[in-house]
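Colleague: Structure below; questions to follow.
Just so it is clear, none of the values below were taken in a lab; they were calculated from the coordinates. Keep in mind the model is a prediction, meaning the values are calculated, not measured. When we count neighbours, we look across all protein chains shown, and the Cβ atoms used for this are built from the backbone with ideal geometry, even at glycine.
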């Protein structure tokens, strides 16, 4: 608030200075409100059109309110199996990529070793590669091998692809958590006679768990939403995004909007829940710290 | 096992890296290599393929034949990157400096839309931008716009769609770099009689440059490779290089041309990343967090 206090004390100034002040005080907030409305608009439309009662196949124009789609969300042929396939692949790729990525993050954040900066670059590259190149190059490999389990394409090849693009995101997320990590706790554990394995199990792992969970949530949502890479590695397998793409031309049934809305609400709910839990934990820690200080001053 | 680890301490990081890096080597590096080989094939799916170095002509042919799509990808990608920057910077600035106790909520609102399906979001833009849709319908009704005015199936819709879909990739890195700035520097500048715009130009903006660089890279790369927005929001005159690659691969089964196109796209991006790593170092690449 010092900044605005300073500007108020000064004389009115030139036009451009007055504009900057006006921009700072009002326009910035109006702009932010509009930007968030812009970001939210498609989500609102998706939710709204899940209640639409479309005349024909296409769900592009508002016709009338109905709860039909919500009462029978799997009423469209093929939708249920597509959602099931997507969930299965997302769970499997989340578990495997979270383990592989967390190990890499531990190595990069906790160890000094030859090739560390090359590893950094190598981890970054898959994130910097356009999805279409990731998908297309995997397809050329699978076609060149031309034998099971890589060819013909299947849910298995989708899983391979999803694990591949998820690993880097896990590394980045877990590493961010490890950055402010108190190493003296591990040293203390070792001094007290714990070996490496026990130290990891009792000290390191509980401390990085929030980062690992955040990474798992992130790659789960990436996997369940992926279309481009999946399109190249799916063959005849239909995932939820593949189902939407196939229907996009002829019109998306409102049941798809219902599933989309449910996925959105679940994700928002999970994030809200984890925020509340971590806030409660911080408050408890602070209370304990205050009690400790009071104890010390007795 | 603890004893083994203690005796071979230097091996520990490599053991941690091995499984993940092996996966990336087999399913990221090897496919890249295979794609390079495929790009030098000749022949068709029916007759079988043959590898020859002389097939480097695949590249020149692909470039000349699909140059319009290439240049369109660069143009749309650059336009979308500029737009995401114009929207993201004030947004990230407000959240970082004026967010107060609502900072986390605002950040959450920026990310929340991306919890819905990417395809559904893009399809819902067709509802919003449609010829008689929520946006144009009322404007045409009151006569502000002529009845034949169109947004959907134009380059504007494609660029708008790309801008929308990649916005957080710009907003979050800029936010992270603004958040790191020591607010006392700005106050010091103003105490020394800098105007608030002067303080912004000389302190805040330069210190947020790493975020701007990272955001531009993270937006431009996927924007250039995108084909879903062009497919769903554009027309046959707005196809990008991604549309060509996917069509050549999955519909025409023309693997050599498609591989050459992907490789050219990838080469351009590798150059961009190399320049970035040179300027700002490799640590920044994965240290940003989310």
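Colleague: Under a plain spin-label model, where a point goes 7 Å from the Cα along Cα-to-Cβ, how far apart in nm are residue B:4 and residue A:249?
Modeller: Using points 7 Å along Cα→Cβ, the separation is 5.5 nm.
Colleague: Taking only Cα atoms and a 10 Å spring cutoff, compute GNM fluctuations for chain A and point out the largest among A:66, A:94, A:275.
Modeller: The residue that fluctuates most here is A:275.
Colleague: In whole Å, how far is the Cα centre of segment B:1-73 from that of segment B:104-140?
Modeller: That distance is 36 Å.
Colleague: Continuing with this model, one more query. What's the exposure ranking of A:175, B:7, going from fewest to most Cβ atoms within 10 Å?
Modeller: B:7, A:175
Colleague: Which of A:291, B:170 has the fewest other C-beta atoms within 10 Å, and how do the rest follow up to the most? Walk me through the numbers before you get to the answer.
Modeller: Details: A:291 10, B:170 30.
Taking fewest neighbouring Cβ atoms as first place, the list is A:291, B:170.
Colleague: Can I ask one more? Subtracting the Cα-Cα distance from 0.36 nm times the residue separation, let me have the gained length for residue A:198 to residue A:262 in nm, one decimal.
Modeller: Working it through step by step, the gained length comes to 19.0 nm.
Colleague: Starting from the Cα gyration tensor of chain A, take the square roots of the eigenvalues, sort them a ≥ b ≥ c, and report rounded, prolate or oblate (rounded when a/c is under 1.5, otherwise prolate if a/b is larger than b/c, else oblate).
Modeller: Since a/c reaches 1.5 but b/c is at least a/b, the shape of chain A is classed as oblate.
Colleague: Also: Below 8 Å, C-alpha to C-alpha, sequence gap of six or more: please give me the relative contact order for segment B:113-196 in percent.
Modeller: Over segment B:113-196, the number comes to 20 percent.
Colleague: Return the FRET efficiency for the residue pair residue B:54, residue B:18: r is the Cβ-Cβ distance, R0 is 41 Å, and the value is rounded to the nearest 0.05.
Modeller: FRET efficiency, residue B:54 to residue B:18: 0.55.
Colleague: Shifting gears a bit: Which residue, B:83, B:75, B:185, tops the fluctuation ranking in a GNM of chain B built on C-alpha contacts under 10 Å?
Modeller: B:185
Colleague: Looking at chain A as a GNM with Cα springs under 10 Å, which of A:236, A:56, A:33 has the largest mean-square fluctuation?
Modeller: A:33
Colleague: A follow-up question, please. Once you put a point 7 Å from the Cα of residue B:202 and another 7 Å from the Cα of residue B:267, both along the Cβ direction, what distance in nm separates them?
Modeller: Here the answer is 4.6 nm between the modelled labels.
Colleague: Let me ask something else about it. Give the shape of chain B as rounded, prolate or oblate, defined through the alpha-carbon gyration tensor: a ≥ b ≥ c are the square roots of its eigenvalues, a/c under 1.5 means rounded, and otherwise the shape is prolate if a/b is larger than b/c and oblate if not.
Modeller: oblate
Colleague: Next question. What average count of beta carbons from other chains do you get within 10 Å of the Cβ of residues in A:116-126?
Modeller: Working: counts 4, 5, 1, 6, 8, 7, 8, 7, 8, 9, 4.
Mean partner shielding for this stretch: 6.
Colleague: Counting partner chain Cβ atoms within 10 Å of every residue's Cβ in A:242-249, what's the average?
Modeller: Working: counts 1, 1, 6, 6, 0, 2, 8, 2.
Average neighbour count from other chains, rounded to a whole number: 3.
Colleague: Once you place label points 7 Å from the Cα toward the Cβ at residue A:183 and residue B:209, how far apart are they in nm?
Modeller: So the two model labels end up 3.1 nm from each other.
Colleague: Only Cα pairs under 8 Å and at least 6 apart count here; give the relative contact order of segment A:126-250 as a rounded whole percent.
Modeller: The value is 40 percent.
Colleague: While we're here: Hey, fewest Cβ within 10 Å first, where do B:257, A:14, B:132 land in order?
Modeller: Going from least to most buried by this count: A:14, B:132, B:257.
Colleague: Still on this model: Mind checking the mean number of beta-carbon atoms from other chains within 10 Å of the Cβ atoms in B:259-270?
Modeller: 4
Colleague: Taking Cα centroids, how far is segment B:142-193 from segment B:224-245 in Å?
Modeller: 23
Colleague: Return P(r) of segment A:63-213 (all Cα-Cα pairs; 5 Å bins starting at 0; whole %; ordered from short to long distances).
Modeller: 2, 8, 12, 14, 14, 13, 10, 9, 8, 5, 3, 2, 1, 0, 0
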